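Please see the structure below; I have some questions.
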Amino acid sequence: MDRRQFLAASGVGLAATMAGCTGSPLSSDGDDPGAESDGNESTDSGEITVSAGGQVDAEPDRAVVDIGVEATGESAEAVTDELATGADELRETFDELGVPEENVEEGRYRVHPTRAREAEGFEGSHSFEVTLSDVDRVGEVIDAAIAAGADNVGRVNFSLQEETRAALRKDAIDAALANADDEAAHIADNRGVDLAGTTNVTTGDVQVHPVREAYTGADAAEDAAAPPTEIEADPVSVNADVTVTYSFDG
């Protein structure tokens, strides 16, 4: 008995394999010495395996801002002292803004000889990673930090809190499963068979893709007449992949 295998791929990156036996629209008759000689045909079931992805988008509800101070001086001790003073002022500012202490983490701290050609002395930097659960306060925190002496503001990473990730993870898996069902139904209809049920489901890693925004308004923020800093982020995407095997009768 000959068996055929069909491969199908959709425009959204889904793949499926189908196998059938004698009597199935997916099979062809052959000279099998074990085939029935009275003209009766048997009908066996086959399988369709589909790999599909799903994506959901959500507004970020978590932001991490990289804020720090820099210093230069004739000695490493002078740079260290200046960085310590600047760091203390930033910590005090974060406290006044109501940022929980556990949301302010030490970032990079470096003191080294100056790297400029024909220049002597030392330079250094001390940064903090500030986590905010209210993303609308990002601009406020940046402006207050710059007013307190911060001269180094890095990228702002917008992401999702853990409870939000957990909920959207399920939504992304649901979307992937719906796409798999739709693809399997399309293939079954194309091959003229009827889906009978699901025999196996495998899920892959669910990935959260944060949004990174660069801050470029330090000069404007130092101007008291400048408008408050505003940083808007695109939605954060959550992606899931599934592989589903369906049985079919033909």
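Go from 0 up to the bin containing the longest alpha carbon distance in the stretch 61-102, width 5 Å each, and give me the % of pairs per bin.
Bin by bin from 0 Å, the calculated values are 5, 20, 22, 20, 15, 10, 6, 2, 1.
Follow-up. What distance in nm lies between label points placed 7 Å from Cα along the C-beta direction at Asp174 and Gln207?
2.3 nm
Quick one: what are the phi-derived ³J(HN,Hα) couplings along the stretch 66-74, Karplus 6.51/-1.76/1.60 with θ = phi - 60°, whole Hz, x for glycine and proline?
Karplus-based 3J(HN,Hα) across the stretch 66-74 equals 9, 10, x, 10, 10, 8, 9, x, 6 Hz.
No lab work stands behind these numbers, since they all come straight from the coordinates. Keep in mind it's a predicted model, so treat the numbers as computed, not measured. Don't worry about glycine lacking a Cβ; one is built from the backbone with ideal geometry, like all the others, and counts go over all protein chains shown.
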